[in-house]
Amino acid sequence: MRIFDIGTKSYNDIKRVEAKVEWEETDRSPFQWYVETDKKYQPDFWPNPNAWLLGSILPAWHAREKRVQVEGMLCPILLAKLKIALSILERWYPEMGPTPAIESTEGIRAYRETAHAESASLLTCGVDSMATLCWNRKFIPLDNPRSIKGVFFVEFIENPSMEDNLPNDILLRRKLVKRVAESIGVDAIRVKTNIWELDGDGWFYTYKWHGAALSAMAHFFSRRFNRTYLATSIYQDILFRPWGSHPLLDPCYSSGDMEIEHDGRHLFRYEKIALIADWTVGLRNILVCQGEPSTEMNCGACMKCLFTMAALVALGKLDEAETFPYDDMTPDLLNTLIDYDLIYRIYQVEFLESLIPALTGRGRVDLVSVIRRFRPYLIEKELKFTKYTKIISRAVPDGQLYALADNKNFGGSVEDSNKGRFWGLPKDGLTAISELKELRKIGINYIVFTPETIWWLDHFDKLGDYLDKTCVKLHLNEKTTIFHYNH
């Protein structure tokens, strides 16, 4: 991969940095990669070679590129730290193969683009990023260089014309971030980019890339900021599993003029929500939705909405949280976590059980009785799942990888198996086929469907036909079907 023709451009009230990306080992057309911000931040914003490297190194590796050559001078501190990050990812994901070589056209030198010592953070108005900002405001004096003076909110947009038809979640997030920033006197710095064109694989972004991709956006602003807080996005159990933004990885995305700090590991999720609940501006602008929010509020029905609403009930604050559609939670609403199979990890159960003392103190035994059902439900579900994985492991030869179709999980290793990867629910048939082709590229030769997912073959147009034409079908029993690619 070559990154060259790096430059800047201005139009209307927008400042853009851009570079041409050329693939060398992959049959993909060159494209213009851009990052934009409002023109008033022009003094802070520049086409930092370190940012281009950081944003592209993992997609290049995923695409089996042999090198990444960046036009300009690279920082030796970033190169040394990246070596550590790549070695960790290589251990987590051995199927990725050898890492690309890194080259610069103007050599290597440590430099500092700013004499300032200001700090920034990424802000989505979700629990993690809001807690980072809230904690910083509560405990760090404004005259301390670690005090947050600006927040970045990153919008993944293919081209500027999409401004006319943005999805509701971007419009709502943009409004809430601006409201929070203005209320506490920090800059809300909108960052718009088409970096997603480097690799549109959602599993890859979540489990390998998103810490590096978001850190790259911060590096473009190193003429003003020399520290950026990247709020942790992992629960306690994920600390010991691979994840794309991780306390082992994120600090390795630092350079001589930009320190990336993985923030928030000292707080459990309930502690974060409690911190936000005592901060009026945070409570009134929280956005956690994984569903389909309106331009005004969270959906109130997805897993993250239900978990956050339950915590706010325990804190006696849900009626003050203006971005949720309900002032209270009923047992039936909480029970939809089982009705729609939204409980699938022990950390979820542990989080909800941590609410029991506070809910009991508020007389909400109705919700406590529902929460007590979740652990037996998960145990029963895991026992059934273990039976599937044992059957699958016996059927898939040693040294072969399989993808397990699963309605909820996306990416990551199947428990108790060193050869299984989850394949999450696709949005349509064409996406399903595209994702299967990508899975095959990383060496996955077996696709597994259980009774919970066999319906995909009928529901998703052309998926069944594609598998029938490219694979041999193995009926292990009445409960499990495996497709094995023809070679």
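The values are calculated or read from the model by the stated rules, or taken from the named source; none is laboratory data. Only a predicted model underlies this, so the values are computations on that prediction, with no experimental measurement involved. Positions of Cβ are backbone-derived with ideal geometry, glycine not excepted, and every protein chain shown enters the neighbour counts. Surface accessibility is based on the protein's heavy atoms, side chains included, excluding ligands, DNA and RNA. Shrake-Rupley method; radii C 1.70, N 1.55, O 1.52, S 1.80 Å.
Observations, loosely collected:
- Taken over the stretch 215-246, residues that are open to solvent by 30 Å² or more (accessible area, probe 1.4 Å), outside any loop (DSSP other than H, G, I, E, B) and in contact with a Phe, Trp or Tyr (Cβ under 8 Å, 6 or more places away or on another chain) amount to 2.
- Scanning the stretch 15-41 for residues that are under 19 Å from residue 221 (Cβ atoms), open to solvent by 20 Å² or more (accessible area, probe 1.4 Å) and either at pLDDT below 95 or not in a strand (DSSP E or B) (or both) yields 39, 40.
- For the stretch 115-139, taking the residues that are in contact (Cβ under 8 Å) with a residue 24 or more places away in the chain and among the aliphatic types (A, V, I, L, M), the one that is farthest from residue 308 (Cα to Cα) is identified as 117.
- Selection count, the stretch 264-291, where residues are of a type in the set (D, E, K, R), within 20 Å of the chain's Cα centre (by Cα) and closer than 28 Å to residue 168 by Cβ: 2
- Those helices (runs of 4 or more DSSP H) of the stretch 247-318 in which at least 2 residues are open to solvent by 30 Å² or more (accessible area, probe 1.4 Å) and under 24 Å from residue 353 (Cβ atoms), considering only elements entirely within it, cover 269-277.
- Answer from 142, 79, 171 - the residue that is of a type in the set (A, V, I, L, M, F, W, C) and more than 30 Å from residue 271 (Cα to Cα): 79
- Subset of the stretch 462-487 [acidic (Asp, Glu) and surrounded by 13 or more Cβ atoms within 10 Å (Cβ to Cβ)]: none
- Residue list for the stretch 353-400, filter: open to solvent by 30 Å² or more (accessible area, probe 1.4 Å), hydrophobic (A, V, I, L, M, F, W, C) and either under 27 Å from the mean Cα position of the chain (by Cα) or farther than 25 Å from residue 339 by Cα (or both): 385, 391, 395
- Flag if residue 208 is of a type in the set (Lys, Arg), free of Cβ contacts under 8 Å to residues at least 12 places away in the same chain and either in contact with a His (Cβ under 7 Å, 6 or more places away or on another chain) or over 14 Å from residue 156 (Cα atoms) (or both): no
- Among the conditions (1) at pLDDT below 95; (2) among the hydroxyl-bearing types (Ser, Thr, Tyr); (3) open to solvent by 40 Å² or more (accessible area, probe 1.4 Å), the only one that residue 207 does not satisfy is (3).
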